[in-house]
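First the structure, in the form of structure tokens, and then the observations on it.
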Amino acid sequence: MSFKSVSEPEKNVRVIEFGCDRATFDAAVKEVYQRKVKKMSVPGFRPGKAPQAFVEKIYGKGVFYEDAVNDLIPQLYPDALKESGLEPVSRPEFDMVDLNDEGLTLSAKFFVKPEVTVEGYKGIEAEKKVGEITEEAINSEIDSVRERNARSIEITDRPAKLGDTVTLDYSGSVDGELFDGGTAEKQPLELGSGHFIPGFEDQCVGKSIGEDFVVSVTFPEDYGAENLAGKAAEFKCKIHAITEKQLPELDNDFVADVSDFETVDEYKADVKAKLEKREEERAENEFKDAVTEKLLTLIVADIPAVMIDNETAMEIQSYDNRLRSQGLSLDMYLKYTGMTMEQMEEQFRPNAEKQVKLRLGLEKIAELENIEVSDEELEEEYANIAKTYNIETEEVKARILADDIRADLKVKKAIELVEAAAVPPKADAE
């Protein structure tokens with residue numbers, strides 16, 4: 001057996017010692033010699049023909065030791081780690097402890113998960129509050145659809161009013177001097193949209209096509225261009241066209257155009273059902289977030305920084321993958337935003353720490369509650385993953401270890417247990 005012993009030099013750190021007998025080590029040295037001697041220059045011998053003992057005499061007895069150890073570690077360490085029963089959360093640091101006639105002894109130092117305590121996870125106070133869907137909310141949702149299906153009508157017989165879109169020329173000046181970006185021709189502007197400087201759109205109301213007029217405004221103090229911030233400005237304007245947004249009537253014809261229903265009542269009922277589902281999902285998510293936040297306060301663990309570092313790196317990698325799916329990359333994002341990688345890591349780190357702490361707490365709850373995952377549940381999860389990524393189930397099994405799936409399912413069951421055990425907040429005593 002390669003495993004020899006385990007020690008705890010500091011909190012959350014373990015060192016295991018493992019190794020092999022001398023014959024195994026010498027065989028590994030011989031393999032390295034046979035691999036490297038072909039490229040070694042040894043006086044008096046053709047390439048690859050110098051005896052091992054002669055090469056070691058010239059270059060030193062341990063000339064092949066480092067490579068031999070590096071070859072042996074992948075063979076010895078996995079079995080030793082399995083026998084130790086430990087679960088590293090960091091890459092191991094290997095070292096040679098001893099080499100003698102009995103054999104080779106190596107060490108591997110790594111961080112392990114911390115001890116975790118969590119109490120009071122049953123009976124967390126949190127309430128799912130599902131709001132009522134009012135007639136006003138239904139009408140607002142329908143009005144949004146009507147807005148998207150509105151048509152523009154050209155207006156020629158009245159001045160502009162709020163809600164109209166005007167096409168206008170304007171020329172802006174500060175202290176009588178034109179400024180960059182302050183001039184445009186036939187620019188469309190929806191009055192009341194708030195797209196222009198405060199006060200500009202209001203002063204266009206009541207103006208007619210072909211009318212010349214002046215708009216007087218003051219740039220906000222926090223305006224993006226420092227040379228204009230807080231300055232008074234005048235814009236000479238002229239409207240060329242006015243269009244009015246005309247919403248379709250809410251009738252059966254409109255319903256047939258925008259849905260699979262035939263009557264307004266059927267359409268309203270469907271809109272209400274969808275709003276109720278959306279509200280249910282909102283309330284459920286809010287409830288789960290509340291439970292999670294309170295659970296985090298109950299979890300006590302001295303988490304090694306390396307675990308948070310690893311989670312931060314994983315979250316950034318996931319973000320990079322999402323950017324790439326949109327035709328960007330992390331490097332491009334950093335360049336455009338002016339952010340450094342260190343700043344991004346700092347931005348992601350708080351959530352990473354929260355996720356690590358939550359996972360540790362839920363694993364502890366799963367242990368305390370003796371939560372298990374059946375073979376049927378495991379197969380069902382494999383099938384779900386395969387369906388999600390549109391690949392064969394066997395391919396998923398080849399990529400993801402069953403133990404990892406079981407661990408994730410135990411965590412999922414643990415949070416479901418905590419949520420199911422939550423209770424409504426107690427009413428304040430009068």
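Just so you know, all these numbers are worked out from the coordinates, no wet-lab data involved. Note that the structure is predicted; figures quoted are calculated from it, not measured. Neighbour counts run over all protein chains shown; Cβ positions are idealised from the backbone, glycine included.
Computed values, structure above
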{"quantity": "Hypothetical label at Val130: residues of segment 268-310 whose amide nitrogen lies under 11 Å (7 Å Cα-Cβ projection)", "calculated": "276-284"}
{"quantity": "Pair Glu87, Thr393: separation of 7 Å Cα→Cβ label points (nm)", "calculated": "2.6"}
{"quantity": "Helix 402-420 vs. the chain, principal-axis angle (Cα, 0 to 90°, nearest 10)", "calculated": "50"}
{"quantity": "Volume in Å³ per residue [convex hull over Cα atoms, computed for segment 3-112]", "calculated": "102"}
{"quantity": "Part-to-part distance (alpha-carbon centres) for segment 133-156 and segment 1-67, which is given in Å", "calculated": "79"}
{"quantity": "Volume in Å³ per residue [convex hull over Cα atoms, computed for segment 247-393]", "calculated": "250"}
{"quantity": "Among Gly131, Gly182, Gly123, residue whose mean-square fluctuation peaks in a GNM of the chain (springs only between Cα atoms under 10 Å)", "calculated": "Gly182"}
{"quantity": "17 Å tail of the calculated P(r), segment 149-275, as % of Cα pairs", "calculated": "65"}
{"quantity": "Folded to 0 to 90 degrees: helix 135-148 orientation relative to the chain principal axis, Cα", "calculated": "90"}
{"quantity": "Net charge of Cβ neighbours under 12 Å - reference Asn384; Lys, Arg +1; Asp, Glu -1", "calculated": "-3"}
{"quantity": "Coarse-grained scattering of segment 328-414 at q = 0.10, 0.14, 0.16, 0.18 Å⁻¹, given as base-10 log I(q)/I(0) from a Debye sum over alpha-carbon atoms", "calculated": "-0.44, -0.73, -0.82, -0.87"}
{"quantity": "Cα convex hull of segment 240-333, projected area averaged across orientations, nm²", "calculated": "13.6"}
{"quantity": "Relative contact order of segment 274-430, pairs being alpha-carbon contacts under 8 Å that are 6 or more residues apart, as %", "calculated": "26"}
{"quantity": "FRET efficiency for Ile400 and Lys39, using Cβ-Cβ distance with R0 set to 41 Å, rounded to 0.05", "calculated": "0.50"}
{"quantity": "Taking the C-alpha atoms of the chain, convex hull volume expressed per residue in Å³", "calculated": "334"}
{"quantity": "Cα long-axis angle, helix 65-84 against the chain (0 to 90 degrees, to the nearest 10)", "calculated": "70"}
{"quantity": "Mean-position separation - Cα centroids, segment 244-302 and segment 393-407, in angstrom", "calculated": "35"}
{"quantity": "Relative contact order, percent, the chain [alpha-carbon distance under 8 Å, six or more residues apart]", "calculated": "16"}
{"quantity": "Over segment 3-112, relative contact order from alpha-carbon pairs under 8 Å, at least 6 apart, %", "calculated": "39"}
{"quantity": "Charge tally in the Cβ shell below 11 Å around Ala229, where Lys, Arg are +1 and Asp, Glu are -1, Ala229 excluded", "calculated": "-2"}
{"quantity": "Of Lys231/Lys335; Lys4/Lys397; Lys128/Lys410; Lys277/Lys397; Lys277/Lys410; Lys354/Lys413, those spanning more than 30 Å from alpha-carbon to alpha-carbon", "calculated": "Lys231/Lys335; Lys4/Lys397; Lys277/Lys397"}
{"quantity": "Extension reserve of the Val214-Ala283 stretch, reckoned as 0.36 nm per residue once the Cα distance is removed", "calculated": "19.8 nm"}
{"quantity": "Listed residues Val29, Val205, Val118, most fluctuating in the chain (Gaussian network, C-alpha, under 10 Å)", "calculated": "Val205"}
{"quantity": "Using alpha carbons only: equivalent-ellipsoid semi-axes of segment 177-228, gyration tensor based, whole Å", "calculated": "21, 14, 11"}
{"quantity": "Efficiency of FRET from Cβ geometry, Glu115 and Lys272, R₀ 51 Å, rounded to 0.05", "calculated": "0.50"}
{"quantity": "Neighbourhood charge, 11 Å Cβ-Cβ cut-off, centred on Glu115 and excluding it, Lys, Arg +1 and Asp, Glu -1", "calculated": "+2"}
{"quantity": "Choice from Ala23, Ala402, Ala225 with maximal GNM fluctuation in the chain (Cα, 10 Å cutoff)", "calculated": "Ala225"}
